[in-house]
Amino acid sequence: MSARPSIFVPMERKFKKHASPRPKQSSLIIGRQPVIEAINSGRPIERIFMLRSATGDIIPQIKEGAQQFNIPVNLVPVEKLNGMTQANHQGVIALVGNVTYLDLQDVISHVTEQGQTPLFLILDGITDVRNIGAIARSAVCCGAQAIIIPDKGIAALNEEAMKSSAGALEKIAICRVNSLLKAIDTLHLNGIKVLTSEMETDIKLFDVNLTEPVAVIMGSEDHGVYPALRKASDVLFRIPMAGEFESFNVSVAAGIILYEAMKQRL
């Protein structure tokens, strides 16, 4: 299996705005052989939809390639596939991605080799594409080098996310991993501290040293950061608020944290 290229390949796609949009045929890779060839060539793939009962020699190859490159595979009924295309899909359809996902260790090595101090974001359970787009925009403006996302439980980096980011998602490294806990292990092995934005702590944002290599976990507004990720973090901090209110919007909170990091590093 060949390595995926370390470049971003923007894909121009537009979806009609109605309740259940069908992806354009140009955004789909249809059929078993085309999908495995796309995986081998390093073409950006957002997700693979596979018939639950699919069998044959090439099916294990597709699953192996998807696992190697952290491409989510959804096992679905035939009605789902038929609803996506009228072509002969052979039980396999891949959705073309808007960005090329990069290997986390490769990104860490590249950042440090460039003489930069890592400033990464980890997004846990953020399902609003507009929030992800806004976070990416703040990340680029404030000098962060990478955003780490899980392969499940997060909004797809689709056309709306790209629009919300004003193109920032094409200007920052996006690392998709199959386990955020394993990603934290990788960060720790590379000397990068992991910080979590949390309401219930006495440590304030401006008391945290953000000049050293850090990765900040941002959780969903509904559920916060997953407990196991909080436990694996080195520091829990909070953003002080003057008013009595629940919390900041997650994209606003990310912007505040990133701006504080930039201010400390200037």
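For the chain, the longest principal axis of the alpha carbon atoms and the long axis of helix 180-189 meet at an angle near 60°. Ranking of LEU95, LEU205 by solvent-accessible surface, largest first: LEU95, LEU205 (1.4 Å probe, protein heavy atoms only, all chains present). Projecting the Cα atoms of TYR226, THR85, VAL140 onto the charge dipole of the chain, computed from C-beta unit charges around the Cα centre, puts THR85 farthest toward the positive end.
The figure for MET162 is an accessible area of roughly 20 square angstrom, using a 1.4 Å probe on the protein chains alone. About its Cα centre, the dipole of region 28-96 is roughly 100 debye, where the only charges are +1 on Lys and Arg Cβ and -1 on Asp and Glu Cβ. Here the chain carries DSSP beta bridges of which approximately 25% are antiparallel, counting only pairs with both residues inside.
The GluC sites (Glu not before Pro) of region 177-266 that DSSP puts in a loop, and whose beta carbon has at most 16 other beta carbons within 10 Å, are GLU200, GLU244, GLU246. Computed with a 1.4 Å probe on the full set of protein chains, the accessible area for TYR226 sits at about 140 Å². D by Stokes-Einstein for region 104-265, Kirkwood Rh over Cα pairs, 25 °C, 0.890 mPa s: 157 µm²/s. With R₀ fixed at 30 Å, the C-beta to C-beta distance from THR112 to ASP202 puts the FRET efficiency at about 0.40.
Where is the GNM fluctuation largest for the chain (alpha-carbon springs, 10 angstrom cutoff): ASN82, ASN178, ASN98? Most flexible of the set in this elastic network: ASN82. Of the residues ILE174, ASN40, GLY243, the one whose Cα sits farthest towards the positive end of the charge dipole of the chain is ASN40 (charges of +1 on Lys and Arg Cβ, -1 on Asp and Glu Cβ, taken about the Cα centre). The chymotrypsin sites (Phe, Trp or Tyr not before Pro) of region 194-266 that DSSP puts in a loop, and whose beta carbon has at most 12 other beta carbons within 10 Å, are PHE245.
Under a model in which nothing but the beta-carbon of Lys, Arg (+1) and Asp, Glu (-1) is charged, the chain shows a dipole of about 920 debye around its Cα centre. Relative to the longest principal axis of the chain, what angle (0 to 90°, nearest 10) does the C-alpha long axis of helix 129-141 take? Compared with the principal axis, the helix lies near 50 degrees.
Against the main long axis of the alpha-carbon atoms of the chain, helix 58-68 sits at an angle near 10°. Residues LYS263, LYS152, ordered by accessible area of protein heavy atoms at a 1.4 angstrom probe radius and largest first, appear as LYS152, LYS263.
The values are calculated or read from the model by the stated rules, or taken from the named source; none is laboratory data. Note that the structure is a prediction, hence the values are computed from the model and not measured. A quick note on method: Cβ atoms are made from the backbone with ideal geometry, for glycine too, and the neighbour counts reach across all protein chains shown. What goes into the accessible areas is simple: the full protein's heavy atoms, side chains included, and nothing from ligands, DNA or RNA. Shrake-Rupley method; radii C 1.70, N 1.55, O 1.52, S 1.80 Å.
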